[in-house]
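Right, one structure below, let's go through it.
The values are calculated or read from the model by the stated rules, or taken from the named source; none is laboratory data. None of the values given here were measured: they were computed from a predicted structure. Here the Cβ positions follow ideal geometry from the backbone for every residue, glycine too, while neighbour counts run over all protein chains shown. Keep in mind that these areas ignore ligands, DNA and RNA; they rest on the heavy atoms of the full protein, side chains included. Shrake-Rupley method; radii C 1.70, N 1.55, O 1.52, S 1.80 Å.
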Amino acid sequence: MTYRAGWIHYTNVAPILDSLELPPSVTAITGVPTEMNAALLSGQVDIANISAVEFIRHADILEALPDFSVAVLGPVYSVNLFHTRSLARVRRIALTAQSAMSVALLEVLLREWGLTPVLERAEGDAESLLNQGYDGVLRIGDSALREWYGVAGPLTPQTTMTSLPNTGRGITVTDLACAWFDLTGHPFTFAVWAYRKDNPPPADLIQAMREARREGIGHLAAVAQRHAARLGLPERVVQHYLWNFRYHLEAPDRLGLHEFAAKAVPGHAELTFGPRPGRREEVRSGQR
Ligand SMILES: C=C(O[C@@H]1C=C(C(=O)O)C=C[C@H]1O)C(=O)O
């Protein structure tokens, strides 16, 4: 029987997906996070990299792969609140309909900061929404990365990649993953690869994903070069963006995930993960 996958194919997943050769029994569609969340929950696909908050909300029926994540420790550069006043004075924030995770994260952060701006769904790029009466705009993914660079760039040869700018053109960019780190000291896990508990993925798909990730991470400069050209961004910016991600759902990423779950979805069902790869398999697939 065919096993159906749904991939969020933002640039941050390129190190896993670009080299992925699907086994013959697997088909795949692609879309933005809210589309893939819905596709998994409606049964249109059997596995998807979904917004982690949807995994938490549906932890009673979903399980996640034990060693795949899109997570960061500190800034992410592509989950951005663009604002024209100081955070404490922001009154009206436009939210993208593409994202479940960043909206949930923003709600947690606003609560922790004691702020209560109006949140509204509105599509468009950050600058035009800021010109339409919003003083805050939440954006994610490739367009958010490009818009951050539009505000903070261009980088000079002297810019060190450890202190990238976050202001320009009268706009400040608050990186929500960085704000999460400031609050908790933990990584933020944006996405996990989830499937229904009664329908786990075939072993050859998981194996292919692990091989593709090893290939992608092993050739990150080439992945960055390809996507920098597509995004119209400098190669070193995209390379920095990509190597910054944590793709293996390691213990700190799980810690961050559980901490977020407790804050965002109190009373959620226990989070469950598939079995970790066995030692033999790890050695065979070249992982440590
Ligand atoms: C960090 C990002 O992660 C993505 C953001 C998601 C969301 O906001 O719902 C979902 C999946 C992630 O891959 C991003 O695309 O900017």
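Counting only DSSP beta bridges with both residues in the stretch 79-184, the antiparallel share comes to about 65 percent. Solvent-accessible area of the chain (1.4 angstrom probe, protein heavy atoms only): carbon and sulfur portion equals 52 percent. Annotation for the stretch 1-68: GluC sites (Glu not before Pro) lying in DSSP loop with at most 12 further Cβ atoms inside 10 Å of their Cβ are Glu21.
Annotation: amide H of Val26 within the under-5 Å range of Tyr3, sequence separation 5 or more or interchain, hydrogens built in the peptide plane.
Under a 5 Å amide H cut-off, with hydrogens placed 1.01 Å from N, Arg246 pairs with Ala71, Val72 among residues at least 5 apart or on other chains.
In terms of its alpha-carbon gyration tensor, the stretch 48-171 comes out oblate; a/c meets the 1.5 threshold, while b/c is at least as large as a/b. A simple spin-label model places the labels of Thr156 and Asp125 2.5 nm from each other, with each point 7 Å out along Cα-to-Cβ.
Rounded to the nearest 10 degrees, the angle from helix 141-152 to the longest Cα principal axis of the chain is 30 degrees.
Take each peptide in 44-51, 249-256, count the other Cβ atoms within 10 Å of every residue, and average; sorted highest first, the result is 44-51, 249-256. Taking every DSSP beta bridge with both residues inside the chain, roughly what % is antiparallel (nearest 5)? Within the chain, antiparallel bridges account for around 60 percent of the total. Computed over neighbours whose Cβ is under 15 Å from that of Met1, the net charge equals -1, Lys and Arg +1, Asp and Glu -1. Modelled spin labels at Ser42 and Arg236, positioned 7 Å past Cα toward Cβ, are 4.5 nm from each other. Treating r as the C-beta distance of Thr116 and Thr2 and R0 as 41 Å, the FRET efficiency rounds to 0.30. Remark: the stretch 79-184 carries a charge dipole of roughly 240 debye about the Cα centre, counting +1 on each Lys and Arg Cβ and -1 on each Asp and Glu Cβ. Looking at the chain, the accessible area is 44 square angstrom per residue; that uses a 1.4 Å probe and ignores ligands, DNA and RNA. Once R0 is set to 25 Å, what does the formula 1/(1 + (r/R0)^6) return for the Cβ-Cβ distance between Leu22 and Ile61, expressed as a FRET efficiency to the nearest 0.05? Step by step, r from the Cβ atoms, then E = 0.55. Of the trypsin sites (Lys or Arg not before Pro) found in the stretch 65-108, those in coil by DSSP whose Cβ has at most 13 other Cβ atoms within 10 Å are Arg85, Arg91. For the pair His258 and Asn199, a Förster radius of 25 Å applied to the C-beta separation gives a FRET efficiency near 0.55, rounded to the nearest 0.05. Taking the longest Cα principal axis of the chain as reference, the axis of helix 33-42 is set at about 40 degrees.
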